[in-house]
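The values are calculated or read from the model by the stated rules, or taken from the named source; none is laboratory data. Remember, predicted model here, so these are calculated numbers, not experimental data. Reconstructed Cβ throughout: ideal geometry from the backbone, glycine too, with neighbour counts over all protein chains shown.
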Amino acid sequence: GDSVTQMEGPVTLSEEAFLTINCTYTATGYPSLFWYVQYPGEGLQLLLKATKADDKGSNKGFEATYRKETTSFHLEKGSVQVSDSAVYFCALSVGGSNYKLTFGKGTLLTVNP
Amino acid sequence: DTGVSQNPRHKITKRGQNVTFRCDPISEHNRLYWYRQTLGQGPEFLTYFQNEAQLEKSRLLSDRFSAERPKGSFSTLEIQRTEQGDSAMYLCASSLEETQYFGPGTRLTVT
């Protein structure tokens, strides 16, 4: 079946540090890939997505590139801010499966001033 | 676009009681999903509706769980004879195609 493995946290960084959260996947079809973010006390928000190999999703300074050869979709940001503190979820969906999302376990990021 | 709404936001119930949650999707979205999220885990798929038809149910959805989406608008998720293991955040999402938009969730605590 489909699965997502992401870097376990927690991750603690200082403001302006570089962020990488690793995500790899296995899928029976050709998936679309997503990063969702959950800020404290809030619901899941779509951060970025990519629908085909070599696509780069980007939003709010975050980026992730769909790498089919390594089945990866690592999340990066060049300079994190305190406001980026949240839980980040990598997820995939496959069209033939009604687009239901398969999530990783989430990575808690804490950014200190 | 008012977003996906869920009610109630919090529910505390005693073991053995029945509970019902409601989800109102984004108005033009024909696809609706329910997920369950436990502490420290990612959301897990429960069930999927396209319009009013329930097209897929996870094996996580035991016989005590039932979901409906009358007329293809709002959806309800009912849990009968709740157990402590049902304590979780229940998330609803809606979409037109593959990108899903989530509601704030209903946190269920079974005592």
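Residues in region B:41-81 that are hydroxyl-bearing (S, T, Y) and more than 14 Å from chain A (Cβ to nearest Cβ): B:S62, B:S66, B:S73, B:S75, B:T76. One residue stands out among those in region B:86-111 that are touching a residue at least 12 places away in the same chain (Cβ under 8 Å), outside any strand (DSSP E or B) and of a type outside the set (D, E, K, R): the one that is farthest from B:D63 (Cα to Cα), which is B:L96. Flag: A:T110 matches the condition of being polar (S, T, N, Q), surrounded by fewer than 20 Cβ atoms within 10 Å (Cβ to Cβ) and touching a Pro at 6+ places or on another chain (Cβ under 7 Å). Considering only residues in region A:79-113 that are closer than 15 Å to A:G61 by Cα and not in a strand (DSSP E or B), the one that is nearest to the other protein chains (Cβ to nearest Cβ) turns out to be A:S85. The set of residues in region A:6-19 being away from chain B (no Cβ under 11 Å) and surrounded by 12 or more Cβ atoms within 10 Å (Cβ to Cβ) consists of A:M7, A:V11, A:T12, A:L13, A:E15, A:A17, A:L19. For the condition of a type in the set (V, I, T) and under 15 Å from B:T99 (Cα atoms), A:T51 qualifies. Residues in region B:55-73 that are buried (at least 17 other Cβ atoms within 10 Å of the Cβ) and at pLDDT 95 or above: B:F65, B:A67, B:R69. For the subset of region B:10-35 comprising residues that are part of a strand (DSSP E or B), among the charged types (D, E, K, R) and more than 17 Å from A:S93 (Cβ to Cβ), which member is nearest to the other protein chains (Cβ to nearest Cβ)? Among those residues, the one meeting the criterion is B:D24. Exactly one residue out of B:S87, B:S95, B:S5 is touching a strand residue (DSSP E or B) at 6+ places or on another chain (Cβ under 9 Å), more than 11 Å from chain A (Cβ to nearest Cβ) and hydroxyl-bearing (S, T, Y): that is B:S87.
Of all residue pairs spaced 6 or more apart or on separate chains, those with beta-carbon atoms under 7 Å, a first member in region A:40-52 that is away from every other protein chain (no Cβ under 11 Å) and a second member that is β-branched (V, I, T) and surrounded by 19 or more Cβ atoms within 10 Å (Cβ to Cβ) are A:L47/A:V37.
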